[in-house]
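The values are calculated or read from the model by the stated rules, or taken from the named source; none is laboratory data. As the structure is a computational prediction, the values presented were derived from the model and not from experiment. Virtual Cβ from ideal backbone geometry, glycine too; neighbours counted across all protein chains shown. Keep in mind that these areas ignore ligands, DNA and RNA; they rest on the heavy atoms of the full protein, side chains included. Shrake-Rupley method; radii C 1.70, N 1.55, O 1.52, S 1.80 Å.
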Amino acid sequence: LAKTTQPISMDSYEGQEVNITCSHNNIATNDYITWYQQFPSQGPRFIIQGYKTKVTNEVASLFIPADRKSSTLSLPRVSLSDTAVYYCLVGQLSYNTDKLIFGTGTRLQVFP
Amino acid sequence: DTAVSQTPKYLVTQMGNDKSIKCEQNLGHDTMYWYKQDSKKFLKIMFSYNNKELIINETVPNRFSPKSPDKAHLNLHINSLELGDSAVYFCASSQDRGEKLFFGSGTQLSVL
């Protein structure tokens, strides 16, 4: 399973766009990239998933370059409520996804 | 209605005791999981059940025994609790193996 590397922490201010990059140099052909968000005292919550290029939903955008060795989660105009830990995971939508590895994640702190 | 609910939310107990954590999902999902999040916030899969059948059993001491009476429930029983068992335990479910995960709010276990 591909190992991921993300910044341990990031700071931002309300209204700014936040981009969190995840490195996954050993990503396999069948691997998808998934991001989860975790608030204190809660379980992780699915944000977005993609395979290549760009994916956008009501919460975030996910940019994946052609070589797929990294990905960037983009949160537009963050608010205080976006303060959380963000996890990048890489794995297949199949048997092995049961063993998706959550890394340390990126702790995003949004200031007023 | 809470999609994935687990009880209790907090559990404080003495070393050597036996305790159980219950989990129920009302999403109609086929697969359920138990994850452990330690003090360093690493989230690791412990077990995975698909249609009441054990699929994944990671390197977990046999003091931990999952029980799935039906597809909507996956309980975790822990015998002879040890200090190192102190952590937050999350139950999760997915429509099928490999699909996005829905997590419960966690059970904070403290072993004294």
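In segment B:21-45, which residues are charged (D, E, K, R), open to solvent by 80 Å² or more (accessible area, probe 1.4 Å), farther than 13 Å from A:Gly43 by Cα and modelled with pLDDT under 90? So that I can check it myself, show each step before the final result.
Residues of segment B:21-45 charged (D, E, K, R): B:22, B:24, B:30, B:36, B:38, B:40-41, B:44.
So of that shortlist, the ones also open to solvent by 80 Å² or more (accessible area, probe 1.4 Å) come out as B:22, B:24, B:40-41, B:44.
When the remaining residues are screened for being farther than 13 Å from A:Gly43 by Cα, the result is B:22, B:24, B:40.
Within segment B:21-45, B:Lys40 is the sole residue that qualifies.
Just to check your reading of the model, which residue among B:Leu81, B:Leu76, B:Leu109 is touching a Ser or Thr at 6+ places or on another chain (Cβ under 9 Å), part of a loop (DSSP other than H, G, I, E, B), among the aliphatic types (A, V, I, L, M) and open to solvent by less than 50 Å² (accessible area, probe 1.4 Å)? Explain how you work it out, then say what you get.
On the way: B:Leu76 fails: part of a loop (DSSP other than H, G, I, E, B); B:Leu109 fails: part of a loop (DSSP other than H, G, I, E, B).
Exactly one residue qualifies, and that residue is B:Leu81.
Taking segment B:86-100 on its own, how many of its residues are open to solvent by less than 10 Å² (accessible area, probe 1.4 Å) and outside any strand (DSSP E or B)?
The qualifying residues number 1.
I want to confirm something. Restricting to segment A:48-67 and keeping residues that are open to solvent by 10 Å² or more (accessible area, probe 1.4 Å) and closer than 24 Å to B:Ile45 by Cβ, which single residue is nearest to the other protein chains (Cβ to nearest Cβ)?
Per the stated criteria, the residue is A:Gln49.
Could you grab me the full set of residues in segment A:82-99 that are modelled with pLDDT of 95 or more and of a type in the set (S, T, N, Q)?
Within segment A:82-99, just A:Thr83 meets the criteria.
Name, by its number, the condition in (1) modelled with pLDDT under 90; (2) surrounded by 13 or more Cβ atoms within 10 Å (Cβ to Cβ); (3) not charged (D, E, K, R) that does not hold for A:Ser71.
For A:Ser71, the exception is condition (1).
Does B:Val60 satisfy being closer than 23 Å to A:Thr104 by Cβ, β-branched (Val, Ile, Thr) and touching a Ser or Thr at 6+ places or on another chain (Cβ under 8 Å)? Show your work before the answer.
Numbers: closer than 23 Å to A:Thr104 by Cβ: yes; β-branched (Val, Ile, Thr): yes; touching a Ser or Thr at 6+ places or on another chain (Cβ under 8 Å): no.
No, not satisfied.
Only one of (1) open to solvent by 70 Å² or more (accessible area, probe 1.4 Å); (2) more than 10 Å from chain A (Cβ to nearest Cβ); (3) at pLDDT below 90 is not met by B:Asp18, so which one is it?
Unmet for B:Asp18, out of (1) open to solvent by 70 Å² or more (accessible area, probe 1.4 Å); (2) more than 10 Å from chain A (Cβ to nearest Cβ); (3) at pLDDT below 90: (3).
Only one of B:Ser39, B:Ser68 is part of a loop (DSSP other than H, G, I, E, B) and polar (S, T, N, Q). Can you tell me which? Before you say what the answer is, go through the steps one by one.
Details: B:Ser68 fails: part of a loop (DSSP other than H, G, I, E, B).
Answer to the selection: B:Ser39.
Among the residues of segment B:46-55, is any over 10 Å from the mean Cα position of the chain (by Cα), touching a residue at least 24 places away in the same chain (Cβ under 8 Å), surrounded by 15 or more Cβ atoms within 10 Å (Cβ to Cβ) and under 20 Å from B:Val111 (Cβ atoms)?
No, there is no match, as no residue in segment B:46-55 is over 10 Å from the mean Cα position of the chain (by Cα), touching a residue at least 24 places away in the same chain (Cβ under 8 Å), surrounded by 15 or more Cβ atoms within 10 Å (Cβ to Cβ) and under 20 Å from B:Val111 (Cβ atoms).
I need the strands (runs of 3 or more DSSP E) fully contained in chain A, keeping only those with at least 3 residues that are without any contact (Cβ under 8 Å) to a residue 40 or more places away in the chain and under 27 Å from B:Val4 (Cβ atoms). It would help to see each step written out before you state the result.
On the way: elements: A:9-13, A:18-23, A:31-38, A:45-50, A:53-56, A:61-64, A:70-75, A:84-92, A:106-111.
Where strands (runs of 3 or more DSSP E) fall fully within chain A and carry at least 3 residues being without any contact (Cβ under 8 Å) to a residue 40 or more places away in the chain and under 27 Å from B:Val4 (Cβ atoms), they are A:45-50.
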